[in-house]
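What follows is a short report on a single structure.
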Amino acid sequence: MPTITASRCMTVWRPSLAALLFTVAACGAQAATSNITIEDLTQRAEAGDRTAMHALAESYYAGREGAEQDFVRAADWYRRLAKMGDARAQTSLGLMYARGYGVTKNLAEAHRWWNFAAIQNDPGAQYNLGLTYVRGEGVAVDYERAVRWFREASRRGHVQAQHNLGMLYHEGKGVAKDARQAYYWVRVAALQGDTVAADTLPKISEGMTVAQIAEAEAQAAAWVASARKVLQ
């Protein structure tokens, strides 16, 4: 039986069409700081420049832009931003606590920061919360809450959340079984290039009528078309 993709990571999320605007903005911010030395970047960050703070945290996290990889410093800058209410930094800091990068591994603390980001509608945090409730990591297993957070992330274009939401509908975990909703969400993910979702569709469609599949296909195509309009 196909299952949700819990192995496909608590991580920085792979964007769908609806998420590309955020990606473009982030790349623009990175380009704006790409020719600045770490020393200059640090000076700007210490002065409160949020773009510089993000760039510095990411430079230390990845070991780029002239900085040696340093998870402790990355966590420090993400924490400073997170305490200022920055949702992206809250999601990243949660990830570092979940993995024990630069901080003592603490799933409860990861969950806390993801909650802060999730209520600000950060889809990566919402997806990660969904996984914690499915896996029972730092919290008790709770499929209803997993459905809630996967649905929120799915509406904001998180491809893996879309696939996982479809699988929960397919398996009837945290929500009543619904073949059409299962096919719809998995198909939305597949139409955006998710190969795991595409490979899952034949199993999802078993027992569905031609009319049900056609309806779900049309609705999934409409979702993707609407997402494309956001980019135009």
Next on the checklist: Taking just the alpha-carbon atoms of region 107-149, what radius of gyration and Dmax come out, in angstrom?
Outcome noted: 9.1, 23
Checklist outcome for this item: HN-Hα couplings for region 42-49 via Karplus (6.51, -1.76, 1.60; θ = phi - 60°), in whole Hz with x for Gly/Pro, come out as 4, 4, 5, 5, 5, 7, x, 6
Checklist outcome for this item: In whole Å, largest first, the alpha carbons of region 69-119 cover along the principal axes 29, 20, 12
Item to check | region 84-221: equivalent-ellipsoid semi-axes (sqrt of 5 x gyration tensor eigenvalues, Cα, Å) | outcome: 30, 14, 12
Item to check | Amide H within-cut-off set for His158, under 5 Å, with H built and near neighbours excluded | outcome: none
Checklist entry - When you count, for each residue, the other Cβ atoms within 10 Å and take the mean per peptide, how do 121-129, 221-229 rank with the highest first? => result 121-129, 221-229
Item to check | Karplus 3J(HN,Hα) series, Hz, for region 110-125 with 6.51 cos²θ - 1.76 cosθ + 1.60 (x for Gly, Pro) | outcome: 4, 4, 4, 5, 5, 4, 4, 6, 5, 6, 9, 6, 7, x, x, 5
Next on the checklist: Considering only protein heavy atoms and a probe of 1.4 Å, how much of the accessible area of region 150-218 is carbon and sulfur, as a whole percent?
Outcome noted: 49 percent
Item to check | Average accessible surface area per residue within region 35-150, 1.4 Å rolling probe, Å² | outcome: 46 Å²
Checklist entry - Could you give the accessible area per residue of region 154-206, probe 1.4 Å, as a whole number in Å²? => result 36 Å²
Next on the checklist: Can you tell me what percent of all Cα-Cα pairs in region 32-157 are more than 18 Å apart?
Outcome noted: 53 percent
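The values are calculated or read from the model by the stated rules, or taken from the named source; none is laboratory data. Predicted model only: the values in this text are computed from it and were never measured. Using ideal geometry, Cβ is built from the backbone for each residue, glycine included, and neighbour counts are taken over all protein chains shown. Just so you know, the surface numbers come from the protein's heavy atoms only, side chains and all, with ligands and any DNA or RNA stripped out. Shrake-Rupley method; radii C 1.70, N 1.55, O 1.52, S 1.80 Å.
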